[in-house]
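For reference, the structure discussed in these notes is given below.
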Amino acid sequence: MSFIRRAWLYITRKKLKTLILLAILLCMATVMLSGFAIKHSTDRAAQSLDKTLKVGFNLGNNPRTNPGTARGSGTVSGKAIEEIRKLPGVTDYVKRQNATVDFTDTKLVPLPNGGSGYDAEKDKQFGNAATILGVNKSELENKFRAGSLKLVAGRHITERDSHKILVHQAFAKANKLKLGSKLKLKANQYDTDNEHPSKDEVEVEVVGIFSGKNPKEAAYQVELFENIFLTDIATTRQLNAYTAQNEIYQDANFFTKGSKQLDEVMNQARQLSVDWNKYQLNKNSQELAGVTESVNGVYNLVDGMLWATALVSIAVIGMVLYLWMNERKREAGVLMATGISQSEVILQYVAELVMIAILSFGASYFTSGLIAQQLGNQMVSQASQAAASRASESLNGASLGADADSVTSSRTLDKVTVGTTPADLIAVWGVGLVVIVVAVLFASRPITGSTPKKLLTDIN
């Protein structure tokens, strides 16, 4: 009789033991299948984020030596940006330039509670003023890459655009604007960065409408997502009265093909004739650290859960089998006395568990479906809270503002959509077989190296 036949006869005869082992293996497989499904779902989310967030680095002010403009804006030169973007490893880039403007024929969205600390003089100067952000490619802007803002109608700003603008859907609704609508912007004469000073007025066309919401209450009108405006560089350049000689930018992001090329390109950039006393380079992972840290946090939690499940399963199954092994000493002794090898006896024990595992692992596909998404949500929430906490600690306890740039830098992974795949089942079977073999070897210690005579006489 083959060891497989004997294994089948044993598990059908010992129904209670079979049910106990089935329950243990089902629990193990359910947790492990859920873990693998969460991990692979996080992989897919991370891959999607990589395509959106892109690998790259930022050129901005060095705060230790360059405080920026009077308003605290960047002073990055257009020449420095041009030198870096021409490097062979740079696949794309986005440069940012801002200007404070008055909206002459439209109204900003007011704070829901009216705000606090009202200043009549400032309201007279900046009551209907906002900072607009000029970019060469709005789809590459941090707020869109991180998902803080999402385009819901129209198109993005491109390098070829002139006098175009993206507005929030709430601002558009409040001012009865639609795609193709025109609005007027005028350089604010009280802006400390308006040094030239510019009094230019520009008419811009709405080419895109986006959505987005402050995750916490804004203290100032300009912090409202509803009062975010993105336009082209030509518009901000004119409103700032910049020339080729005096033009400056807030900062610039440069993107590379992958992480392997990133360090090489950054090293090449540092060799350029750029005033590195004024500027610095930072990987854009620092700007979007919340997202990347929360993804890594999910990985760590899943890995910890899988290792813990595997070790606990080995311990539990091994201990159960070990406790039952005493009554199987006579069986093993008889089998070995009839010429069956010790290794074949152990193979029978492995076969017994594999047969039970076929049923339990198959059932785990359905049981994991009941808990995997909830478990994934908990892990994402835990990892995101930890990432947000680390972000807060890095600021020495200071609270991040409600403005879009602060929100974007602290944004974390929102969720993962968990679903099992054939690859997940294969992974569970791989780990499950290892667990079964190790558990059986541990439990078989009472018969390992024993003789048939000793097994037949050493029965308590």
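The values are calculated or read from the model by the stated rules, or taken from the named source; none is laboratory data. Just so it is clear, the model here is predicted, and its values are computed rather than measured. Here the Cβ is made from the backbone with ideal geometry for all residues, glycine too, and neighbour counts use every protein chain on show.
Looking at region 250-264, is at least one residue modelled with pLDDT of 95 or more, among the β-branched types (Val, Ile, Thr) and surrounded by 18 or more Cβ atoms within 10 Å (Cβ to Cβ)? There is no residue in region 250-264 that is modelled with pLDDT of 95 or more, among the β-branched types (Val, Ile, Thr) and surrounded by 18 or more Cβ atoms within 10 Å (Cβ to Cβ). The residue list 66, 61 contains one member that is crowded, with 19+ Cβ neighbours inside 10 Å and among the polar types (S, T, N, Q), which is 61. Pairs linking a residue in region 287-298 that is closer than 13 Å to residue 416 by Cα and modelled with pLDDT under 80 to a residue that is polar (S, T, N, Q) and part of a helix (DSSP H, G or I), with Cβ atoms under 6 Å and 6 or more positions apart or on different chains, are 294/384.
Scan region 152-178 residue by residue and report those that are touching a residue at least 60 places away in the same chain (Cβ under 8 Å) and not in a loop (DSSP other than H, G, I, E, B). Scanning region 152-178 gives 164, 165, 166, 167, 168, 170, 171, 174.
Residues that are closer than 24 Å to residue 107 by Cα and within 23 Å of the chain's Cα centre (by Cα): list the strands (runs of 3 or more DSSP E) wholly contained in region 179-289 that include at least 1 such residues.
Working: elements: 182-187, 201-211, 229-232, 251-256, 279-283.
Because the criterion is at least 1 residues that are closer than 24 Å to residue 107 by Cα and within 23 Å of the chain's Cα centre (by Cα), the strands (runs of 3 or more DSSP E) in region 179-289 that meet it are 201-211.
Per the conditions (1) touching a residue at least 12 places away in the same chain (Cβ under 8 Å); (2) outside the structural domain of residue 145 (by TED's automatic domain parsing), the sole criterion not satisfied by residue 381 is (1). Taken over region 206-225, the residue count meeting the criterion of being buried (at least 17 other Cβ atoms within 10 Å of the Cβ) and either out of contact with any Leu (no Cβ under 8 Å at 6 or more places or on another chain) or more than 24 Å from residue 172 (Cβ to Cβ) (or both) is 1.
Report yes if some residue within region 426-440 is in contact with a helix residue (DSSP H, G or I) (Cβ under 7 Å, 6 or more places away or on another chain) and modelled with pLDDT under 80; otherwise report no. No, region 426-440 has no match at all.
When region 320-366 is filtered for residues that are surrounded by fewer than 16 Cβ atoms within 10 Å (Cβ to Cβ) and either of a type in the set (S, T, N, Q) or part of a loop (DSSP other than H, G, I, E, B) (or both), the ones remaining, listed by number, are 326, 338, 339, 341, 343. Any chance region 184-201 includes a residue that's touching a Pro at 6+ places or on another chain (Cβ under 7 Å) and not β-branched (Val, Ile, Thr)? The answer is yes, given that some residue of region 184-201 is touching a Pro at 6+ places or on another chain (Cβ under 7 Å) and not β-branched (Val, Ile, Thr).
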